[in-house]
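Heads up, the thing below is written out as C-alpha cells.
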Amino acid sequence: MNVLIVHAHHEPQSFSSALKNVAQETLLRQGHQVAVSDLYAMQFDPVSDRHNFSSVQDPAYLKQQQEELHASEIGGFAPDILAEMEKLERADLLLFSFPLWWFAMPAILKGWVDRVFAMGRIYGGGKFYDAGIGHGKRAMVVATIGGPSTMYDGYGINPQLDTLLQPIEHGIFAFNGYAPLPAFVVHGPARMSQEERLAELQRLADQLAQLDQLTPRAVPAVSEFEGFVGSDRWPRFMVEMKRSAGGDGNSMTWANASAALSKELRRQGKLLSFHASAADDPHGTAWMLIREHSRDAVERSLGSLSAQAGLRFSVWEAARS
Ligand SMILES: Cc1cc2nc3c(=O)[nH]c(=O)nc-3n(C[C@H](O)[C@H](O)[C@H](O)COP(=O)(O)O)c2cc1C
C-alpha cells in the first residue's frame, strides 16, 4: 500500500518527530511504500493565495475555489502544490503527524490542507464523503498533546479530544471520503521517563503493524441526507436500557455489558449519546440517543447486541428539534 505521512514539527529531535520516524520505519518494514512530507524540513509555504496557481482566471478578484476549478481544468497549479497533490492521490493511507497547538493542528499543516485539497481536482463536483477521493482509503491522526489525558476525557476543563479532532477527522478525512482510524495520541511526552517514551513508540509500532485490526469510525453516506446539504433522513431514537429483573443472570457485569454495547453502537456510527448509571448501581440503567432508519432496526441491533447480557430496552422516537 502507498502511505503518505504529512508531518508538522519544527524540531527533528521532538517526540512528535520520533513518532513520525517510527511510523515511517514500521510501515516500510511492513513492505509499504512510504512518502513523507516533512513540512518544516521542506520549508513548505502554508500561505494560500495566488501563488497556489500558475494560471489565472480572474485577475481582478481572487476567489480561491473558482481559481482551483480553473487550475484543475487547465493544469494550472503551482509545482509545489502539484507535487503534494500527486502524493496525496497515490496514498491509500494518509497520516497527519503533529503536536496539538491551540487545540488544533499547527498552521503549517492547516496551510498544506488549505492549498493541496483544491476544489475540482481533489474535491467538489460530487466528490465528497462516500464519493470522495479517499473512498476506500484510510486516514489517521498521530499527535502529541501537552496536557494530560484527564484534561481531555470529558471530565476535564478542556473539550473532549474527540470533539477537538472533528475538524480533522470529519472536516478533512471523512469529508474527502477517507475512513478515519482511531487517533494515536501521546499526552505529555515531556513529563515521561525515557522508558515511558520508548513504550509509547512501541505502542505506535504495534498499532501500525496491525492496521487492519483497527476499526475506522463509521461515517454516514451522502444519500442518507436530503439532497446532500439537507437534513438527515434518519430519525433519532431515545432508548432506556435496564438490567433485567433477577440480577445479571450471566457472566457479564452491568458495567461490562453497557460498555460493550455502547462501544459496538459507537463503532457502527449509530450512538449519539450514552449515559449509564454507576457501576455499583443495583438497578443498572442507561439512556442513549441512537441514529437509525427505523424503530425495528433499533430493536434488531439492540437485540443482537444484548442477547448475552440480560438487558431490556424501551425505545421512543425522538422529536426533531
Ligand atoms: C503554539 C503551541 C500551542 C500549544 N497548544 C496546546 C494545546 O492547545 N493543548 C495542549 O495540551 N498543549 C498545547 N501545546 C503543547 C504541545 O502540545 C506539546 O508541547 C507537544 O505536544 C509536545 O510534543 P513535542 O515534544 O513532540 O513537541 C502547545 C504548544 C505550542 C508550542
Nonlocal amide H pairs with Asp38, under 5 Å, H built at 1.01 Å:
His7
If you rank His283, His7 by fewest surrounding Cβ atoms within 10 Å, what's the result?
His283, His7
In region 140-224, which chymotrypsin sites (Phe, Trp or Tyr not before Pro) are in a loop and have at most 14 other Cβ atoms within 10 Å, using DSSP for the loop call?
Tyr155
Where the centroid of each part is defined by its Cα atoms, how far is region 184-202 from region 90-115 in Å?
21
At 4 °C in a medium of viscosity 1.567 mPa s, region 116-188 has a Stokes-Einstein diffusion coefficient, with Rh taken as the Kirkwood radius over alpha carbon pairs, in µm² per second, of 97
All-pairs Cα distance distribution in region 1-142, expressed in whole percent, bin size 10 Å
11, 39, 35, 13, 2, 0
Does region 24-97 come out rounded, prolate or oblate, given a ≥ b ≥ c as the square roots of the eigenvalues of its C-alpha gyration tensor, rounded meaning a/c under 1.5 and, failing that, prolate meaning a/b above b/c?
prolate
Given axes a ≥ b ≥ c from the Cα gyration tensor, I'd like to know whether region 191-297 is rounded (a/c under 1.5), prolate (a/b larger than b/c) or oblate.
oblate
Pairwise label distance in nanometres, Ala41 with Tyr61, each label 7 Å out on the Cα-Cβ vector
4.3
For a label point 7 angstrom out from the Cα of Gln210 toward its Cβ, which stretches of region 13-33 have the backbone nitrogen within less than 20 Å?
22-32
Pairs from Lys110/Lys263; Lys137/Lys270; Lys87/Lys127; Lys87/Lys263; Lys63/Lys270 whose Cα-Cα separation, in the structure shown, is over 29 Å
Lys110/Lys263; Lys87/Lys263; Lys63/Lys270
Just to check, using Stokes-Einstein with a Kirkwood Rh over alpha carbon pairs, what's the diffusion coefficient of region 133-243 at 4 °C and 1.567 mPa s in µm²/s?
78
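Report the chymotrypsin sites (Phe, Trp or Tyr not before Pro) located in region 51-97 that are in a DSSP loop and have at most 12 other Cβ atoms inside 10 Å of their Cβ, or state none.
On the way: sites: Phe53, Tyr61, Phe77, Phe96; in loops: Tyr61.
Those that pass, being in a loop and sparsely packed, are Tyr61.
Taking N as the number of residues in region 256-321, what is its alpha-carbon radius of gyration divided by 2.2 N^0.38 Å?
On the way: Rg = 11.8 Å, N = 66, 2.2 N^0.38 = 10.8 Å.
Compared with the compact-globule rule of thumb, region 256-321 sits at 1.09.
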Give the Debye-formula value of log10 I(q)/I(0) at each listed q (0.19, 0.23 Å⁻¹), with one equal scatterer per alpha carbon of region 71-180, two decimals each.
-1.00, -1.30
How large is log10 of I(q)/I(0) for the chain at q = 0.08 Å⁻¹ when the intensity is taken from the Debye formula with one equal scatterer per alpha-carbon?
-0.46
Taking amide hydrogens as modeled 1.01 Å from N in the peptide plane, which residues meet the under 5 Å criterion relative to Ala118, leaving out close sequence neighbours?
Tyr123
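Once you order the gyration tensor axes a ≥ b ≥ c over the Cα atoms, which shape class does region 181-231 get: rounded for a/c under 1.5, otherwise prolate or oblate by comparing a/b with b/c? Could you put the intermediate results ahead of the total?
Details: a/c = 8.06, a/b = 2.57, b/c = 3.14.
Because a/c hits 1.5 or more and a/b fails to exceed b/c, region 181-231 counts as oblate.
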Tell me what the chain gives for mean residue ellipticity at 222 nm when only DSSP H runs of n ≥ 4 count, each as -39,500 (n - 2.57), the sum divided by the residue total, rounded to 500 deg cm²/dmol.
-9000 deg cm²/dmol
Longest segment of the chain lacking trypsin sites (Lys or Arg not before Pro) that sit in a DSSP loop with at most 13 other Cβ atoms within 10 Å
64-232
Output wanted: per-residue J couplings in Hz (rounded whole) for region 233-242, from phi through Karplus 6.51 cos²θ - 1.76 cosθ + 1.60, θ = phi - 60°, x for Gly and Pro.
6, 8, x, 10, 10, 8, 10, 9, 10, 10
Starting at the first residue of region 270-275, write each ³J(HN,Hα) from the Karplus equation 6.51 cos²θ - 1.76 cosθ + 1.60 with θ = phi - 60°, in whole Hz, x for Gly and Pro.
9, 8, 9, 7, 8, 9
Under 5 Å from the placed amide H of Phe53, counting only residues 5+ away or on other chains, we find Ala78
Tell me the Rg and the Dmax, in Å, that the Cα atoms of region 1-52 produce.
12.9, 40
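All of the numbers you see were taken from the coordinates with simple rules; none came from a lab. Treat the numbers as computed from the prediction; the structure is a model and nothing was measured. Positions of Cβ are generated from backbone atoms using ideal geometry, with glycine treated the same way; all protein chains shown enter the neighbour counts.
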